[in-house]
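S.K.: Please find one structure pasted underneath; my questions will follow.
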Amino acid sequence: MHIRSEAELRTLYGYPKERARDKLITSLEQHSINFIQHSPFLTISTYGITGLVDSSPRGGHPGFVKILDEGCILIPEAKGNNRLDSLVNIVETGGVGCLFLIPGVDETLRINGTACISVKPEHLALFTEEQHMPKSCIEISIKEIFLHCAKALMRSQLWSTSSKIDRTELPTMGVMINDQLGKADKPESQEEMVKRYQASL
């Protein structure tokens with residue numbers, strides 16, 4: 001049995017309380033600006049013309065996302081593996097959703113809007129402190145902003161030391177990818193991978 005309509009969902013869950021319903025705003029203000037300036041990590045969700053949704057992490061020093069004005073932010077497109085999943089989706093449809101996190105803080109900040117890929121010199125010049133200057137940045141025109149409650153991170157105890165596992169409890173990335181693709185060549189060690197990544201951060 002599956003839920004097929006919002007009406008069925010509301011029968012099951014009911015409606016949000018006034019504060020949860022009304023907390024959505026449409027432009028940056030002091031608290032959302034402060035949150036973004038302290039955040040070293042976010043996830044960005046996009047979708048392509050096929051309708052398939054993708055979510056991808058982005059990280060940097062706190063404040064690596066730049067605020068142009070109350071309605072626009074810039075995310076640098078750091079050096080990666082050139083799959084360009086998020087960028088292709090943005091070119092195709094432009095729809096984005098972002099979730100900002102701050103280590104030690106259980107609340108998160110959600111931003112939804114439309115995006116384009118900017119190579120404007122004045123935009124890229126905002127990222128001169130980066131070790132590798134980005135070739136482009138994601139320019140997001142904000143449509144919705146709201147703070148998300150702490151329950152999910154409290155349940156997961158994401159920032160708790162007791163939640164951390166030793167990296168050796170999981171196979172290395174090289175082993176996992178080789179297994180997924182059925183490859184028999186020698187996988188890259190964790191130490192080799194970290195060294196390679198550090199050279200291109």
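S.K.: Being polar (S, T, N, Q), at pLDDT 95 or above and surrounded by 15 or more Cβ atoms within 10 Å (Cβ to Cβ), is that true of even one residue in region 140-149?
M.R.: no
S.K.: A follow-up question, please. Cβ-Cβ under 6 Å, sequence separation 6+ or interchain: first residue in region 148-176 and within 27 Å of residue 110 (Cβ to Cβ), partner surrounded by 13 or more Cβ atoms within 10 Å (Cβ to Cβ). Which pairs?
M.R.: 148/108; 148/110; 150/106; 150/107; 153/106; 154/106
S.K.: Report every pair of residues separated by at least 6 positions or lying on different chains whose Cβ atoms are under 8 Å apart, first residue within region 34-56 and on the phi < 0 side of the Ramachandran plot and without any contact (Cβ under 8 Å) to a residue 60 or more places away in the chain, second surrounded by fewer than 17 Cβ atoms within 10 Å (Cβ to Cβ) and part of a loop (DSSP other than H, G, I, E, B).
M.R.: That search, which allows pairs on different chains as well, returns 37/62; 37/63; 47/93; 48/93; 49/93.
S.K.: Give 114, 128 a once-over and let me know the one that is polar (S, T, N, Q), without any contact (Cβ under 8 Å) to a residue 40 or more places away in the chain and within 24 Å of residue 89 (Cα to Cα).
M.R.: Exactly one residue qualifies, and that residue is 114.
S.K.: Going residue by residue through region 120-138, is there one that turns out to be surrounded by 15 or more Cβ atoms within 10 Å (Cβ to Cβ), of a type in the set (Asp, Glu), touching a Lys or Arg at 6+ places or on another chain (Cβ under 9 Å) and in the same structural domain as residue 48 (by TED's automatic domain parsing)?
M.R.: The answer is no, given that none of the residues of region 120-138 is surrounded by 15 or more Cβ atoms within 10 Å (Cβ to Cβ), of a type in the set (Asp, Glu), touching a Lys or Arg at 6+ places or on another chain (Cβ under 9 Å) and in the same structural domain as residue 48 (by TED's automatic domain parsing).
S.K.: Pairs under 7 Å by beta carbon, first residue closer than 16 Å to residue 98 by Cα in region 67-84, partner among the basic types (Lys, Arg), six or more apart or different chains?
M.R.: Here the result reads 73/66; 74/66; 75/58; 77/135, each pair linking region 67-84 to a residue that is among the basic types (Lys, Arg).
S.K.: Could you tell me whether residue 63 is under 27 Å from residue 87 (Cα atoms) and not polar (S, T, N, Q)?
M.R.: Taking the combined requirement at face value, the residue satisfies it.
S.K.: Given the criterion over 19 Å from residue 110 (Cα atoms), among the acidic types (Asp, Glu) and either modelled with pLDDT of 95 or more or outside the structural domain of residue 118 (by TED's automatic domain parsing) (or both), identify the matching residue among 70, 18, 92, 29.
M.R.: 92
S.K.: Being out of contact with any Lys or Arg (no Cβ under 8 Å at 6 or more places or on another chain) and surrounded by 16 or more Cβ atoms within 10 Å (Cβ to Cβ) is the filter here; which residues of region 39-63 pass it?
M.R.: Matches in region 39-63: 39, 40, 45, 46, 47, 48, 58, 60.
S.K.: From the list 87, 101, which one is in contact with a strand residue (DSSP E or B) (Cβ under 7 Å, 6 or more places away or on another chain) and under 20 Å from residue 39 (Cα atoms)?
M.R.: 101
S.K.: Quick check, is residue 8 over 21 Å from the mean Cα position of the chain (by Cα), of a type in the set (Asp, Glu), surrounded by 10 or more Cβ atoms within 10 Å (Cβ to Cβ) and not assigned by TED's automatic domain parsing to the domain that holds residue 88?
M.R.: yes
S.K.: Only one residue in 88, 175, 105, 194 is β-branched (Val, Ile, Thr), over 26 Å from residue 28 (Cα atoms) and within 17 Å of the chain's Cα centre (by Cα), so which one is that?
M.R.: The match here is 88.
S.K.: May I ask you to verify whether residue 80 is more than 14 Å from residue 32 (Cα to Cα), surrounded by fewer than 16 Cβ atoms within 10 Å (Cβ to Cβ), at pLDDT below 95 and of a type outside the set (Lys, Arg)?
M.R.: Considered against the rule, which asks whether it is more than 14 Å from residue 32 (Cα to Cα), surrounded by fewer than 16 Cβ atoms within 10 Å (Cβ to Cβ), at pLDDT below 95 and of a type outside the set (Lys, Arg), residue 80 comes out as yes.
The values are calculated or read from the model by the stated rules, or taken from the named source; none is laboratory data. Source: prediction; values computed, not measured. Glycine gets a Cβ as well: all are built from the backbone with ideal geometry, and neighbour counts include every protein chain shown.
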